[in-house]
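Note sheet for the following structure.
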There are 2 protein chains.
Amino acid sequence: MNALGKHFLIELNDCNRKILNDIVAIREIMIAAANESGATILGESFHQFSPQGVSGVLIIAESHLTIHTWPEHGYAGADIFTCGTTVKPEKAAEIIIEGFHPKTHSVIQMYRGTAKTKKKITK
Amino acid sequence: MNALGKHFLIELNDCNRKILNDIVAIREIMIAAANESGATILGESFHQFSPQGVSGVLIIAESHLTIHTWPEHGYAGADIFTCGTTVKPEKAAEIIIEGFHPKTHSVIQMYRGTAKTKKKITK
């Protein structure tokens with residue numbers, strides 16, 4: 001597939017509930033996922049919700065990683081959007097899945113930017 | 001569909017190329033999209049790439065909005081991930097599509113967090 005971007009949509013079900021509400025642990029998982037995949041982190045924003053739940057985004061030179069958790073449902077939804085050939089989103093997905101200890105999970109891979117007329121990927 | 005989150009994946013093709021490389025204009029479009037949809041912005045990170053391209057994320061109380069542009073391909077990929085019933089992601093999508101003036105576009109809607117065991121949406 002000749003696409004500008006790869007997008008992994010990850011559903012994490014029946015996760016470790018303690019981790020789902022631990023903003024420090026979640027930030028560490030997401031940063032490890034970005035770093036181990038070969039991404040360059042440019043910015044971040046993580047938020048703890050009351051009474052529970054964490055949202056976080058990492059903007060990377062190669063697009064983004066996001067996470068949203070619902071501890072009350074044991075659920076987290078993660079997204080990995082990458083471009084170029086140097087970053088390995090599969091590796092980031094692996095680290096995120098391992099980090100949340102879900103009993104079940106799914107990964108949907110979407111291709112983004114497939115309608116382009118030029119083939120050179122410069123970003 | 002009884003889901004925790006709604007996720008719109010928006011492909012914007014053959015956009016106004018000047019806008020695709022204008023970080024100020026792009027930030028304004030994304031903030032307008034968040035505000036007009038009823039979202040509460042908690043954080044942001046926007047980056048200009050060299051020689052071209054812009055990436056931006058808005059973390060909102062109801063999840064996130066992201067944008068990545070490839071001016072050289074006339075393309076932008078936007079994501080709107082929302083939860084709860086007060087935010088209208090359709091409105092955010094409308095504003096983003098209008099803002100980039102694409103000749104063609106597509107919107108895929110995904111439901112996130114559909115495997116939960118409890119039905120109450122508290123986040």
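Read the figures in this text as sums done on the coordinates, not as results from a lab. Note that the structure is predicted; figures quoted are calculated from it, not measured. Cβ atoms come from the backbone with ideal geometry, glycine included; neighbour counts cover every protein chain shown.
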### Query
For B:G99, are the conditions met, namely being more than 10 Å from every other protein chain (Cβ to nearest Cβ), of a type outside the set (V, I, T), farther than 15 Å from A:H7 by Cβ and buried (at least 22 other Cβ atoms within 10 Å of the Cβ)?
yes
### Message
Filter the stretch A:61-76 down to the residues that are more than 8 Å from chain B (Cβ to nearest Cβ) and farther than 17 Å from A:I97 by Cα and list them by number.
### Response
A:E62
### Query
Can you find a residue in the stretch B:47-55 that is at positive phi, within 11 Å of chain A (Cβ to nearest Cβ) and crowded, with 16+ Cβ neighbours inside 10 Å?
yes
### Query
Quick check, is A:T82 of a type in the set (S, T, N, Q), touching a Phe, Trp or Tyr at 6+ places or on another chain (Cβ under 9 Å), more than 8 Å from every other protein chain (Cβ to nearest Cβ) and under 21 Å from B:Q48 (Cα atoms)?
yes
#### Entry: Test result for B:S106, assigned to a strand (DSSP E or B) and either polar (S, T, N, Q) or surrounded by fewer than 19 Cβ atoms within 10 Å (Cβ to Cβ) (or both)
yes
